[in-house]
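Working notes for the structure below.
Taken together, the values in this text are just the output of simple stated rules run on the coordinates, not laboratory data. Bear in mind the structure is a predicted one, so any value in this text is a computation, not a measurement. Every residue, glycine as well, gets a Cβ built from its backbone with ideal geometry; the counts of neighbours run over all protein chains shown.
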Amino acid sequence: MNAIETAGLSRRYRRVWALRDCTLAIPAGRVVALVGPNGAGKTTLLNLAVGLTTPTEGTVTVLDGRPAGSAQARSGIAFVAQDAPLYPNLSVADTLHLTRNLNLRWDQKRAASRLAELAIPLDRKVGKLSGGQQAQLALTLAVARLPELVILDEPLARLDPLARHDFMASLMAAVAEDGLSVLFSSHVVAELERVADYLIVLSRGRLQVAGPVDDLVAGHRVLTGPAAETDLFNERLAPLHVQRAGAQAHLMVRMDAAAAIPAGWTSTPVGLEELVLAYLREPDATVLPGPATLNRVAS
Amino acid sequence: MALTGAAILLGACAVVLGVTGLRMQSAHNALNRAHCFSIGGFNVSSRCGQLWGSYYHGGYPLTSSIGLVAAALAILPLLIGMFIGAPLLAREFESGTARFAWTQAVGRGRWTSAKLGLLGASLAAAGAAFGALAGWWLVLADGTMAITRWQGPQFGLTAVTFPGWLVFMFAAGVFASAAIRRTVPAMAATAATGAVLLWFSAEKFTGMLTSVSPLHTHTSLVPATLAAGGDSADLIGGNAAAAPRGGWVLNAWFTGPRGRIVPVDANTLNPLWNLKPAAQVSWLASHHLTPWVSYQSAGRFWTFQAVEGGAAVLIALLLAASTVWLVRRRPA
């Protein structure tokens, strides 16, 4: 089962393409990080997945083929938009009440006990809560809807490091408890490794990297050797990124640990952050799964 | 917030109208009990004069500028459209809460329909009650200072037209907010549209209806002053002729001995006002003058009201349907 499938998905705003020809199959049961610089099309992709925006071209389905934005899709997806917008004049209790009435499935006990754990007072106006508390309330509302997939747009952007940590811990606890799928966007590259097991990198509206974190990390190595010999690799291994430090050079290449390396060179594993940064620096390099995993519409 | 404000504003107006209206009503009842309205005119005894004074002061100071009061009340729907209608969706777009509300299981179409339906129905109910109150007050206040209920802002202040205006202005505000998506421009668009339409209703609407709804022409044997409650046209000579009670006089004239229209100026008629009713009739006969009026009969009033109120509600429903369509169709 796939949490989200897109085929040739594109969205244009006036004359600018926010997302171009994006074909993806995100498996269910994963915690997916959607990474990219500002303006890369992350929010557009998420809005398309939850049905807030309609595609200019292509298709997007969620939770095994339900059209994005349809009633069946909405009941299975909980979306936390950027900055977790909620009605500031409603109290926390009224916000729970409202959300319960706007949904078919709802676990009031769970919502109440989560808020009690977080020490968020029910009678407080939402507008008077701290940024971290508002984000936690939005997550509580999302989880209490008993969704199959939670989508979060930049959930960490406005949180301080402590709130960030607490928020991710809450999210991971919910994942562990319910086995739900999570897709979240972030421009914070650090800390991704601890939470995400699937990575998508968008750049300038195009899909650059998509795949399980373990495979990506295992499929890349950093080779270190004499800078003078760097050119040897340009054809054979097509290094993603070359960093020269005096006589030495560090090359990030796509190869696994078992691959043979030339004499005089050492191979070391890469971290996820290092890998993401390398791709962000080289927007033309791509790592995409083959078309076999997609239900691509014949065109 | 805006809802509370609107409730307080309408409530405060209702209290003022209620209190002054009840005082005028009891004074009016006292005038009736004292038989101050005799057949053929107003009884000018000192007792009746006193009661008349208390009638006037029952509504004072509002009764001293009743036209202004009517205009102020007629603007209320415009304010509702601006402060409740226009922000309804625009604020959701601006604060981002649309992205929260529209992604819940119920969906954006039902969420918007529910908001529109609930608020629209409440406004219609509140508007009918308030319109009835305002209409009752204006008829009472009209007794102290003649205005016509057929025209001007007061035409929009009945249990039929006022809820129509409220619902229409609200729906127009919400439509503007769905189309423009910014609170302040949506408010401005609502205000501009509303002001034009209110002016049209007050100044032109019943006049237009009159042109498609033929006038009655009537020879009136009884001069205007004798027909208590009759609305008389404010034309030279027109004061001498009255339509049947509650009608709307659009024109009045005199014919001479050969049945031709003759111009009569106010000075000629001056002696008439000091005469008793029977003597007035014989004075006119002796001068070979016959007063005529053309008018809309009183029964047409509610027809006109129903046309305006019905049109307002119909347009409001169309606007509401377009709003839901826009919300469903356009991306957030």
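The peptide list B:82-90, B:133-141, put in order of mean Cβ contacts within 10 Å with the highest first, becomes B:82-90, B:133-141. A protection proxy built from the mean count of other Cβ atoms within 10 Å ranks the segments A:16-27, B:296-307, most packed first, as A:16-27, B:296-307. Within a straight-line Cα-Cα reach of under 13 Å, residue B:115 can be paired with the following aspartates and glutamates, leaving aside sequence neighbours fewer than 8 residues apart in one chain: B:92. The GNM of chain A, with springs linking C-alpha atoms under 10 angstrom apart, assigns the highest mean-square fluctuation among A:129, A:52, A:162 to A:162. Within 10 Å of the Cβ of each residue in B:90-103, the mean number of Cβ atoms contributed by other protein chains is 6.
Helical runs assigned H by DSSP (4 residues or longer) give the protein assembly as shown a calculated mean residue ellipticity at 222 nm of -14500 deg cm²/dmol, each run adding -39500 (n - 2.57) before division by the residue total. Computed from the Cβ-Cβ distance with R0 of 30 Å, the FRET efficiency linking residue B:94 to residue B:212 stands at 0.10. Averaged over the residues of peptide A:82-93, the number of Cβ atoms from other protein chains lying within 10 Å of each residue's Cβ is 3. Label zone (residue B:179, point 7 Å along Cα-to-C-beta; backbone nitrogen cut-off 15 Å) within segment B:304-323: B:315-323.
Using the Cα centre of chain A as origin and beta-carbon charges of +1 (Lys, Arg) and -1 (Asp, Glu), tell me which of A:144, A:181, A:216 is placed farthest towards the positive end of the dipole. In chain A, that residue is A:144. The simple Förster model, with R0 at 22 Å and r as the Cβ-Cβ distance, assigns residue A:187 and residue A:70 a FRET efficiency of 0.15.
Using C-alpha pairs under 8 Å with a sequence gap of at least 6, the mean separation divided by the residue count of chain A gives a relative contact order of 20 percent. Counting Cβ atoms of other protein chains within 10 Å of each Cβ in A:67-80 and taking the mean gives 3. The label-point distance for residue B:311 and residue A:288, in a model that sets each label 7 Å from Cα toward Cβ, rounds to 5.9 nm. Label segment A:46-108 by shape, choosing from rounded, prolate and oblate, from the square roots a ≥ b ≥ c of the eigenvalues of the Cα gyration tensor; if a/c is under 1.5 it is rounded, and otherwise prolate applies when a/b is larger than b/c, oblate when it is not. Because a/c hits 1.5 or more and a/b fails to exceed b/c, segment A:46-108 counts as oblate. In percent, rounded to a whole number, the relative contact order of segment B:141-207 is 42, using alpha-carbon pairs under 8 Å and six or more apart. Each DSSP beta bridge with both residues in chain A is either parallel or antiparallel, and the antiparallel ones are about 70%. For a straight C-alpha distance cut-off of 16 angstrom, the aspartates and glutamates reachable from residue A:128 (same-chain residues fewer than eight places away being disregarded) are A:83, A:94. Residues in segment A:218-234, backbone N under 15 Å from the label point at residue A:261 (7 Å along the Cα-to-beta-carbon vector): list them, ranges by number please. In segment A:218-234, the label zone of residue A:261 (backbone N under 15 Å from the point 7 Å along Cα→Cβ) covers A:218-227, A:229-230, A:233.
Of all beta bridges that DSSP places with both ends in the protein assembly as shown, some 75 percent have antiparallel geometry.
Remark: spin-label model distance residue B:199-residue A:14 equals 3.3 nm, labels positioned 7 Å along the Cα→Cβ axis.
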